[in-house]
Amino acid sequence: MMIASKPIHLRGGPSCSMMSQIKMVYFMLACAVSQLKLSRNANMEKLRNGYLFPEIGMRQQEHLEKYPDAKIISLGIGDTTEPIPNIITSAMAEYSHALSTREGYRGYGAEQGNKTLRKTIAATMYGDMGIEDTEVFISDGAQCDISRVQLLLGSDVTIAVQDPTFPAYVDSGIIMGQTGDYVAGSSKYGGIEYMKCGPENLFFPDFSRIPRTDVIFFCSPNNPTGHAASREQLVQLVETAHRNGSLIVYDSAYAAYISDDSPRSIYEIPGAKEVAIEISSFSKSAGFTGVRLGWTVVPHELSYSDGFPVHKDFDRIICTCFNGASSIAQIGGLACLSVEGRKAMSKVIDVYKQNARTLAETFGSMGLEAYGGSNSPYVWVRFPGRRSWDVFTEILEKTHVITVPGCGFGPGGEGFIRVSSFNSEECVREACHRLTRLLGRDVLLHIL
C-alpha cells in the first residue's frame, strides 16, 4: 500500500508524523473489518424473510425496471390515495403557522395526548359505552401501538391470532420472544395458536377447539378477509376471554367502513371493559397514513391476576417510550371529529367503499369466490389449487396490477389474494378491466 509522505493536517491540530499516518491507516482498515462483540437478538433471527409489504414494494420496483413504460395500478398495500378534506388540513395549517409566533408556539404536550382530543374521542367514538377520556391514549398510529402493547405484555405470555391475520401481531410477538421457532413447511411459529378464520367457519374461530392463551389478537373488520364480526360472534369472543381469563387486543382500525349493524367497537359488548384493549386509527378513515395519528383504549376495569391495573402499566410504557403524538396531527384529529369533518371523511370513505363493491362484483362476475368488500376496503379472493405468490406474480406480470398474496397473512391465506380498494375510481375501474381480460379467460378455460 502506498502512503503519501506529505504530512496530513488535522483541522485545529499539528501535522502528523509518518508513523502516525501509518497507525491511522491501519486503524481505519481494522475498523472496516471489525465486528461488535455483541450477539444478534435471537428473536430477530427467527423472523422469516422480510416484512410482507416491503417485499411487495421490492417486487414492484423490479417489475418497473423490467417494464419501465408500464402503468402500474396498486391495489396492494392499504395506503389511502384520496386527498385529506380541506376542513382538516386547514386546521392543521393554521395551527402549524401559529407555531411560528410567540403567542402560538407550543412544545412538548402530554404523553397521553391532547386532553380535548381524548375527551372528543371518548364522547364521539364511544358514546354511551362508558369509556372515559383518561382511558384514551393518543398515538402515532395503530401499528406503533401494537408494538407498545407487546412491550406491555412482555415475553412470558401465550398468544392467539386469527388465521389469516395482519402480520404485525405475529412479527411483533416473535421480536418480543413470545414464540417458539419457525416450523418448517407449516408457515407457523411454535407457541402461537393460529385460529382458523375462513369461509368454512364464517371467518370466526371455534373457541371450543382452541387451547387457552393469555392474549387473543382480534381484528374486525378483519385485515385481510374484510369480514366484520357480528354481535353474536363478539359476544362469544368476550365470553371466552372471561371464561379463560384472557386479554383481547382488539384492532378496530377499519370500523369506519362498517355499513350494517355489526359492532364498531368491542366495548359495545357487555363485559368487554374487563377483558379488552382496543387499538384504532385515523389512517384509513381520514387519510392519515402519512400524518400518523391513532389511539388505544385501556379501561380502568382491566387488571392483572394480582389485581394491579393494566392502565397504570400502559401509562408507564407511554411515558417511557413515547413523547406524544405530533401536536399538529392531533389538531387534525380534532378537526376530523367535528361535525363538518366527519361529513367530509364520510364522503372520502364512500369512494373506497364503492371501489370495494366494484372489485367484489368484478371477481364475482368471473365465478371466483370473493369475500369482504361491503364492511371493509379489502376483497379476499380465492384461487383454488394455486399458490398465492404465483397468482400475485401472474397478475403483476400480465396486467401490471399489484395485489397482496394471501399467504403473507398466515397459513390460512394460502390460495387467496387480498385486493385493496384504496385508489381512485378511475384506476380501480381500469384494474377491473385488466383483471377481467386475464382472469375471465382463465376461469372460462378452467370450466371448459
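The values are calculated or read from the model by the stated rules, or taken from the named source; none is laboratory data. Just so it is clear, the structure is predicted and the values come from calculations on it, not from any experiment. With ideal geometry, Cβ positions are generated from the backbone for all residues, glycine too; neighbour counts draw on all protein chains shown.
Summary of computed values
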item: Filter pass, E340 being charged (D, E, K, R), within 24 Å of S139 (Cα to Cα) and modelled with pLDDT of 95 or more; result: yes
item: Set E232, E193: member being among the charged types (D, E, K, R) and either more than 27 Å from P384 (Cα to Cα) or touching a Leu at 6+ places or on another chain (Cβ under 9 Å) (or both); result: E232
item: Any hit, the range 73-86, residues being without any contact (Cβ under 8 Å) to a residue 40 or more places away in the chain, of a type in the set (A, V, I, L, M, F, W, C) and on the phi < 0 side of the Ramachandran plot; result: no
item: Qualifying position, being over 29 Å from H300 (Cβ atoms) and assigned to a helix (DSSP H, G or I), among I174, I121; result: I174
item: The listed residue being modelled with pLDDT of 95 or more and within 30 Å of K188 (Cβ to Cβ), out of L75, L99; result: L75
item: Near pairs, Cβ below 6 angstrom, 6+ apart or cross-chain, from the range 47-72 (within 15 Å of L396 (Cβ to Cβ)) to any residue that is of a type outside the set (V, I, T) and in a loop (DSSP other than H, G, I, E, B); result: I56/G76; A70/H400; I72/H400
item: Filter result (outside any strand (DSSP E or B), small (G, A, S) and touching a helix residue (DSSP H, G or I) at 6+ places or on another chain (Cβ under 6 Å)) within the range 264-302; result: G271, A272, S285, A286
item: Filter pass, K343 being of a type in the set (K, R), surrounded by fewer than 22 Cβ atoms within 10 Å (Cβ to Cβ) and more than 16 Å from L117 (Cα to Cα); result: yes
item: Qualifying residue in the range 303-313 (condition: part of a helix (DSSP H, G or I) and in contact with a His (Cβ under 7 Å, 6 or more places away or on another chain)); result: yes
item: Enumeration of residues in the range 34-53 that are closer than 20 Å to Y189 by Cβ and either of a type in the set (K, R) or exposed (fewer than 10 other Cβ atoms within 10 Å of the Cβ) (or both); result: R40, A42, M44, K46, R48, N49
item: Within the range 74-108, considering residues that are in contact with a strand residue (DSSP E or B) (Cβ under 9 Å, 6 or more places away or on another chain) and small (G, A, S), the one farthest from E135 (Cα to Cα); result: S74
item: Residue check, I395 in contact with a Lys or Arg (Cβ under 9 Å, 6 or more places away or on another chain) and either part of a helix (DSSP H, G or I) or assigned by TED's automatic domain parsing to the domain that holds S186 (or both); result: yes
item: Unmet requirement for E369, which otherwise passes all of (1) in contact with a strand residue (DSSP E or B) (Cβ under 6 Å, 6 or more places away or on another chain); (2) closer than 27 Å to A70 by Cα; result: (2)
item: For D156: the one exception among (1) in contact with a Lys or Arg (Cβ under 6 Å, 6 or more places away or on another chain); (2) outside any helix (DSSP H, G or I); result: (1)
item: Checking G385 against (1) surrounded by fewer than 24 Cβ atoms within 10 Å (Cβ to Cβ); (2) at pLDDT 95 or above; (3) in a helix (DSSP H, G or I), the condition it does not meet; result: (3)
item: Residues satisfying the stated conditions in the range 314-339, i.e. of a type in the set (F, W, Y) and either touching a His at 6+ places or on another chain (Cβ under 6 Å) or not in a loop (DSSP other than H, G, I, E, B) (or both); result: F314
item: Test set (1) assigned to a loop (DSSP other than H, G, I, E, B); (2) surrounded by fewer than 22 Cβ atoms within 10 Å (Cβ to Cβ); (3) of a type in the set (S, T, Y) - T225 fails condition number; result: (2)
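Rundown of residues vs (1) in contact (Cβ under 8 Å) with a residue 40 or more places away in the chain; (2) touching a strand residue (DSSP E or B) at 6+ places or on another chain (Cβ under 6 Å); (3) closer than 30 Å to G332 by Cα, yes/no style:
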{"position": "G198", "(1), (2), (3)": "yes, no, no"}
{"position": "G245", "(1), (2), (3)": "yes, no, no"}
{"position": "I248", "(1), (2), (3)": "no, yes, yes"}
{"position": "I277", "(1), (2), (3)": "yes, yes, yes"}
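Matching residues to (1) surrounded by 10 or more Cβ atoms within 10 Å (Cβ to Cβ); (2) modelled with pLDDT of 95 or more; (3) part of a loop (DSSP other than H, G, I, E, B):
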residue	(1), (2), (3)
A4	no, no, yes
P7	yes, no, yes
G12	no, no, yes
R59	yes, no, no
S90	yes, yes, no
G107	no, yes, yes
